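The structure appears right after this line, and notes come after that.
The values are calculated or read from the model by the stated rules, or taken from the named source; none is laboratory data. Since we're looking at a predicted model, the values are computed, not measured. Glycine also receives a Cβ, built like all others from the backbone with ideal geometry; neighbour counts cover every protein chain displayed.
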Amino acid sequence: MDGPSWRLRVGAWIAPERAADVPASPPLFLRPLVGQFPPQKKLYYAAHDAEFVIAKPELAPVARRFPFVGANSGRQRAVVKGKESTADKADVVDGMGPVQPVFPPPGPCSGTVLGSSDGHTVVLYGDRIRPEPNTVLFCGPDAHSDIYGTRSNVRRSCFYSAFNKTEREETTFTTVDVARHARKRRILNVCFNDKLVRAATPFVIKHVDRWNHLLMQTEDTEWSPVVDFSQAVDALIFDIMGDLSFGRSFDIKESGDNPIKEVPDCISAALCFYYPICRSPFLKLLLWLKPRGLDRAVELISPPTVHKYDDFVCGSVADRLALQRKQADKPEAERRQDMFYFLCDARDTETGLPAYNEDELRAECSVLITAGSGTTAVSLSGVFFYLTGDRRRYQKLVDEILTTFATADDIVYGPKLLGCRYLRACVDEGMRLTPAGASEHPREVLPGGIQIRGEYYPAGTTVGTVPWADSRNQDVYGDAHLFRPERWIVDEASGVSKEDVLRIKANFHPFLSGPCSCIGKSLALMEMYVTVARTLHRLDVRRRPGSTLGGGAPELGWGERDPTQLQLRDAFVSLRQGPEVQFRKRSFTSTCTQQTGAV
């Protein structure tokens, strides 16, 4: 029999010389369930009762998705390259190739239903794993370009379709069909242009200034009461997105009672409710059932927080549509030019008719609020978590901001702000260590297959890269777990070459790439640069002494024990807590003011 023999028994590897001979092809009763992969050097077949079977290359099977084959969480069955198998990592396969988990792989029983996947498995076991029967996940820049490139022979998987509440509310985000997505994307591209970013800048500055004022809860230079930064920045970004999307701020960052303050938590609850459904191994069956009554059933069992968010979106869209109609006769310059204005004004490039009806406007606005507020807030939480944990780099950034701008009011989005190299490096490093979406963005291979790293994957295979694992790629970053913004700045004196920076940029995709990249990238970066720069120009910030909120703890699981790492919960958009911080007003003038003599 070709190749080494391994037999897996009760979670431990038995050496080849002790393994009994096993069949070289799948059992007859399983053959109808498998397809064929092209010959590879080593391909393995995992059978029912944890016995490990070697398949000859020409017989190498790959599973399709079946109801009794569940994805798993926790310690996933992994396919890796060049990893040594150990007793406590018994589900690792030495060699490369698809593993056939015909029955539920190792992991909690809930994984069979929820279909959850863990990015840490890639970090543990190598640069390619198979967490589900028809899914292969990768780690590395070459795989990312192969999968998400403009010419890649893939489309969004049906995972995205599950986010549609009804067939009438398909959005650009949830559209799977390539041609239909391209048409919707062209319409959004017209809305999310440089004109929108310029129009949005005054709104962002207004909210950041008010937020800074609220954080300065004392008139002197004493430290403020403790603030959960994630909650505070959630409120800021939500108010910004409300102003940009619906034409009014919801003022949830203000003190006092406000029923809309619950909405960010409702968004998180909605993600936690729908995300496991989207990850279910029964997904195709669920999608078939959705228009046949499942939509209504899901609506009935949805938690109250999900209904609150839906009611909020419906009411906000109705109010903004009324304003749009009221301003219809005014000159364009006198109309409120927010995001909703551009969406309402958009026209289908093929028919010339309005691009969106009211149902579609509600759906698009719901996605834009979730994506626009949640992802930017997560990234800012990461930036401030790591800055407050490293006073030397924090002070280096403060010095750059104070040297560049005489006053906080001088900080606007433009060449001068973009010229702050260390600010941009800190934001990039924060986004790297705190990916707004920690898990893969799944893509389904189209007919004709795809080559990934020079190896063929057939149509129907789900592929993707895992942002959380990519951000911890030791081969690319070296000290991947360290917050070191200097890695993004070419400086031959400190040993950072142009090639080094190009290498890490090739692995850095916080906004994805290709035809499905984040359309709000410019807006998000503007929000982050302005927020960080204006806040640190006005305020000093520190981690509450002794606080560990947001970081890891020894009693937690693998990957969650490091107190210097911000912990993320995967709900498609990353969820997090902390850090607990305190602010105080700066008691000294800007270095730029001292140098220029400005008053």
Options Ala436, Ala406; residue that is assigned by TED's automatic domain parsing to the domain that holds Trp468, part of a loop (DSSP other than H, G, I, E, B) and out of contact with any Pro (no Cβ under 8 Å at 6 or more places or on another chain): Ala406
Residues that are within 20 Å of Asp500 (Cα to Cα), in a loop (DSSP other than H, G, I, E, B) and not aromatic (Phe, Trp, Tyr), drawn from segment 459-487: Arg472, Asn473, Gly478, Asp479, Ala480, His481, Leu482, Arg484
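Could you name every one of the strands (runs of 3 or more DSSP E) located completely within segment 119-205 that has at least 1 residues being over 19 Å from the mean Cα position of the chain (by Cα) and surrounded by 16 or more Cβ atoms within 10 Å (Cβ to Cβ)? Talk me through it step by step, then tell me what you get.
Values: elements: 128-132, 135-138, 154-156.
Here the list reads 128-132, 154-156.
Might you check whether a residue that is under 30 Å from Ser157 (Cβ atoms), assigned by TED's automatic domain parsing to the domain that holds Ser574 and within 24 Å of the chain's Cα centre (by Cα) occurs anywhere in segment 451-458? I'd like the intermediate steps shown before the answer.
Taking segment 451-458 and keeping what is under 30 Å from Ser157 (Cβ atoms), we get 451-458.
Retained after the next criterion (residues that are assigned by TED's automatic domain parsing to the domain that holds Ser574): 451-458.
Applying the additional criterion that residues be within 24 Å of the chain's Cα centre (by Cα) yields 452-453.
Yes, the conditions are met somewhere in segment 451-458.
Just to check your reading of the model, which residue among Phe229, Phe238, Phe312, Phe282 is crowded, with 19+ Cβ neighbours inside 10 Å, over 30 Å from Asp345 (Cα atoms), of a type outside the set (Gly, Ala, Ser) and in contact (Cβ under 8 Å) with a residue 40 or more places away in the chain?
Phe229
Could you check segment 256-362 for helices (runs of 4 or more DSSP H) lying wholly inside it with 2 or more residues that are over 23 Å from Gly437 (Cα atoms) and not hydrophobic (A, V, I, L, M, F, W, C)? Show your work before the answer.
On the way: elements: 263-278, 283-289, 294-301, 304-326, 339-345.
Here the list reads 294-301, 304-326, 339-345.
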For segment 549-569, does any single residue satisfy the condition of being in a strand (DSSP E or B) and over 21 Å from the mean Cα position of the chain (by Cα)? no
Taking Pro415, is it free of Cβ contacts under 8 Å to residues at least 24 places away in the same chain and assigned by TED's automatic domain parsing to the domain that holds Lys505? yes
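Take the residues in segment 315-327 that are free of Cβ contacts under 8 Å to residues at least 40 places away in the same chain and more than 18 Å from Pro264 (Cβ to Cβ), then tell me which one is surrounded by the most Cβ atoms within 10 Å (Cβ to Cβ).
Looking at residues that are free of Cβ contacts under 8 Å to residues at least 40 places away in the same chain and more than 18 Å from Pro264 (Cβ to Cβ), I get Gln324.
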Check Ser439 against each of (1) of a type in the set (S, T, N, Q); (2) surrounded by fewer than 19 Cβ atoms within 10 Å (Cβ to Cβ); (3) in contact (Cβ under 8 Å) with a residue 24 or more places away in the chain and name the one condition it does not meet. (2)
Output for segment 570-583, where each listed residue is under 17 Å from Gln231 (Cα atoms) and assigned to a loop (DSSP other than H, G, I, E, B): Arg576, Gln577, Gly578, Pro579
Near pairs, Cβ below 7 angstrom, 6+ apart or cross-chain, from segment 149-167 (within 15 Å of Ser517 (Cβ to Cβ)) to any residue that is of a type in the set (Phe, Trp, Tyr): Tyr160/Phe173
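Within segment 488-504, take every residue that is in a helix (DSSP H, G or I) and exposed (fewer than 13 other Cβ atoms within 10 Å of the Cβ) and give me the one that is nearest to the chain's Cα centre (by Cα).
Our first condition is that a residue be in a helix (DSSP H, G or I); within segment 488-504, this holds for 488, 492-494, 498-504.
From the residues that got through so far, the ones that are exposed (fewer than 13 other Cβ atoms within 10 Å of the Cβ) too are 492-494, 498-499, 502.
On the way: Glu492: 33, Ala493: 34, Ser494: 32, Lys498: 27, Glu499: 27, Leu502: 22 Å.
Looking at residues that are in a helix (DSSP H, G or I) and exposed (fewer than 13 other Cβ atoms within 10 Å of the Cβ), I get Leu502.
Out of Glu334, Glu400, Glu364, Glu358, which single residue is modelled with pLDDT under 80 and either crowded, with 21+ Cβ neighbours inside 10 Å or acidic (Asp, Glu) (or both)?
Working: Glu400 fails: modelled with pLDDT under 80; Glu364 fails: modelled with pLDDT under 80; Glu358 fails: modelled with pLDDT under 80.
Only one candidate qualifies: Glu334.
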Can you pull out every residue in segment 365-397 that is in contact with a Ser or Thr (Cβ under 9 Å, 6 or more places away or on another chain), of a type outside the set (Ser, Thr, Tyr) and within 25 Å of Asp310 (Cα to Cα)? Cys365, Val367, Leu368, Ile369, Gly372, Gly374, Ala377, Val378
Six or more apart or on different chains, Cβ under 9 Å: which pairs go from a residue in segment 540-555 that's in contact (Cβ under 8 Å) with a residue 12 or more places away in the chain to one that's in a strand (DSSP E or B) and among the β-branched types (Val, Ile, Thr)? Could you list them? Val541/Val581; Arg542/Val581; Arg543/Val581; Arg544/Val227; Arg544/Val581; Ser547/Val581
